[in-house]
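Visitor: Can you keep this structure in mind? I'll have questions shortly.
None of the figures in this text is laboratory data; all of them are computed from the coordinates on show. Not measured: the values here are computed from a predicted model. Note that we place each Cβ from the backbone using ideal geometry, even for glycine, and neighbour counts take in every protein chain shown.
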Amino acid sequence: MGPRAGERGRLLLTVAVVLTLPPRPAGSWGARIIGGHEVTPHSRPYMVSVKFEGQHHCGGFLLRARWVVSAAHCFSHRDPRTGLVVLGAHVLRVPEPTQQVFGISAVIRHPDYQPDIHANDICLLLLNRSAVLGPAVGLLKLPRRDARPLKAGARCQVAGWGSVSDFEDLPPGLMEAEVRVLSLDVCNSSWRGQLSPAMLCTQSGDRRRRGFCSADSGGPLVCRNRAHGLVSFSGLWCGDRKTPDVYTQVSAFVSWIWDVVRRPRPSPLPRTTGSAATR
Ligand SMILES: *[C@@H]1O[C@H](CO)[C@@H](O)[C@H](O)[C@H]1NC(C)=O
Ligand SMILES: *[C@@H]1O[C@H](CO)[C@@H](O)[C@H](O)[C@H]1NC(C)=O
């Protein structure tokens, strides 16, 4: 990890850094979507904030009234029983009347999740009760099972609340940025051949820095109104063109997701370990 990882450990809680890159000039750490803007409140009603100890930790999206899709790495070294899921939020810090708060009954990580290389970085969260759907709380669709991969250059949007940092203010509310799909081959070269299949990359598509940053993890990359990606990892410096943003490619996991959602409910999280999903 980079030179700041030790002293600013909490910045790295959520966007995992795969490569040990040579140190770069400081100052590009961001705590929010990079190069984006504030969304119209509740225009993305499927957006989830996963909180630990009262702090926003990761994003995610609502798939069904009791099911949230997020990134597996968000729950590494975390006891999900201490986590909360917030729906219907725009400004997280404020107790908005639209907000609905849930406990997490189970975290089901993908069985082939490999933390060291961030492969299959996806999990499902079972909420402890059903969300009440309405104008501020809604569902986001998965890609079609037979969908062709997105073409390079396709326009998508990524949204998130970013994290608290010592370097930037909190975002005013939920932020979003428009990005372009980057071919996996080009992205893999930038990442020195370290990418696995079932990943998806984006770039800004112009000279500006635009993409995700710390604590946007788990949030959806939305292309044509469907969740095609989940924020997984980027380089040490947010928005750096040398290390394009990498997402979990959701279309590769559609069958797994429906298998989990349709199988009989897992029993509650065991008392002894908060790490593994229960089956
Ligand atoms: C769900 O979890 C929340 C947060 O921990 C808690 O306040 C609420 O009582 C729980 N609801 C049910 C039905 O267990
Ligand atoms: C990335 O490149 C490496 C090295 O050439 C290769 O082994 C790997 O399969 C590539 N990954 C993808 C997703 O193409």
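Visitor: Arranged from highest to lowest average of other beta-carbon atoms within 10 Å per residue, in what order do the peptides 171-180, 62-71 appear?
Guide: Going from most to least packed, we get 62-71, 171-180.
Visitor: Another question, then. Please check which bits of segment 141-163 a label hung off residue 84 would reach, taking the label as a point 7 Å along Cα-to-C-beta and the cut-off as backbone N under 19 Å.
Guide: Taking a point 7 Å out along Cα→Cβ of residue 84, the residues of segment 141-163 whose backbone N falls under 19 Å are 161-163.
Visitor: Extension gain residue 186-residue 76, at 0.36 nm per residue separation less the Cα-Cα distance, in nm?
Guide: Extra length available between residue 186 and residue 76 comes to 36.7 nm.
Visitor: Here is a follow-up. Decide, for segment 222-264, between rounded, prolate and oblate: order the square roots of the alpha carbon gyration tensor eigenvalues as a ≥ b ≥ c, take rounded if a/c falls under 1.5, and otherwise choose prolate if a/b is larger than b/c, else oblate. Kindly include the intermediate steps, with their values, before the conclusion.
Guide: On the way: a/c = 4.01, a/b = 2.40, b/c = 1.67.
Note, shape of segment 222-264 comes out prolate.
Visitor: Sort 50-58, 149-157, 256-264 by the packing proxy (mean of other Cβ within 10 Å over each peptide's residues), most packed first. Mind dumping the intermediate values first?
Guide: On the way: 50-58: 18.6, 149-157: 15.4, 256-264: 12.9.
Packing proxy ranking, top to bottom: 50-58, 149-157, 256-264.
Visitor: Between residue 155 and residue 94, with labels modelled 7 Å along Cα→Cβ, what's the label distance in nm to one decimal, could you check?
Guide: Spacing of the two 7 Å Cα→Cβ label points: 2.9 nm.
Visitor: Just grab the label-to-label distance for residue 101 and residue 194, each label 7 Å out from Cα along the Cβ direction, in nm (one decimal).
Guide: With each label placed 7 Å out from Cα toward Cβ, I get 3.7 nm.
Visitor: State the Cα centre-to-centre distance between segment 75-89 and segment 204-228 in whole Å.
Guide: Here the two parts' Cα centres lie 21 Å apart.
Visitor: For segment 118-208, just the Cα atoms, rotate onto the principal axes and tell me the three extents in Å, largest first.
Guide: Result for segment 118-208: principal-axis Cα extents of 43, 41, 24 Å.
Visitor: Related question: Using only the Cα atoms of segment 117-156, build the gyration tensor, take square roots of its eigenvalues as a ≥ b ≥ c, and label the shape rounded, prolate or oblate: rounded if a/c is under 1.5, else prolate if a/b is larger than b/c, else oblate.
Guide: Oblate is the answer for segment 117-156, as a/c is 1.5 or above yet b/c matches or exceeds a/b.
Visitor: Mind checking the full-extension length gain between residue 241 and residue 208? Use 0.36 nm per residue of separation minus the Cα-Cα distance, one decimal, nm.
Guide: That works out to 11.0 nm of additional length.
Visitor: Ranking request for peptides 134-142, 193-201: highest mean number of other beta-carbon atoms within 10 Å first, then the rest in descending order. Don't skip to the answer; put the middle values down first.
Guide: Working: 134-142: 15.9, 193-201: 18.3.
Output ranking for 134-142, 193-201: 193-201, 134-142.
Visitor: Would you order 40, 202 from fewest to most other beta-carbon atoms within 10 Å of each residue's own beta-carbon?
Guide: In increasing order of surrounding Cβ atoms, one gets 40, 202.
Visitor: Moving to a separate point now. Does segment 160-263 come out rounded, prolate or oblate, given a ≥ b ≥ c as the square roots of the eigenvalues of its C-alpha gyration tensor, rounded meaning a/c under 1.5 and, failing that, prolate meaning a/b above b/c?
Guide: Oblate, since a/c reaches 1.5 and b/c is not below a/b.
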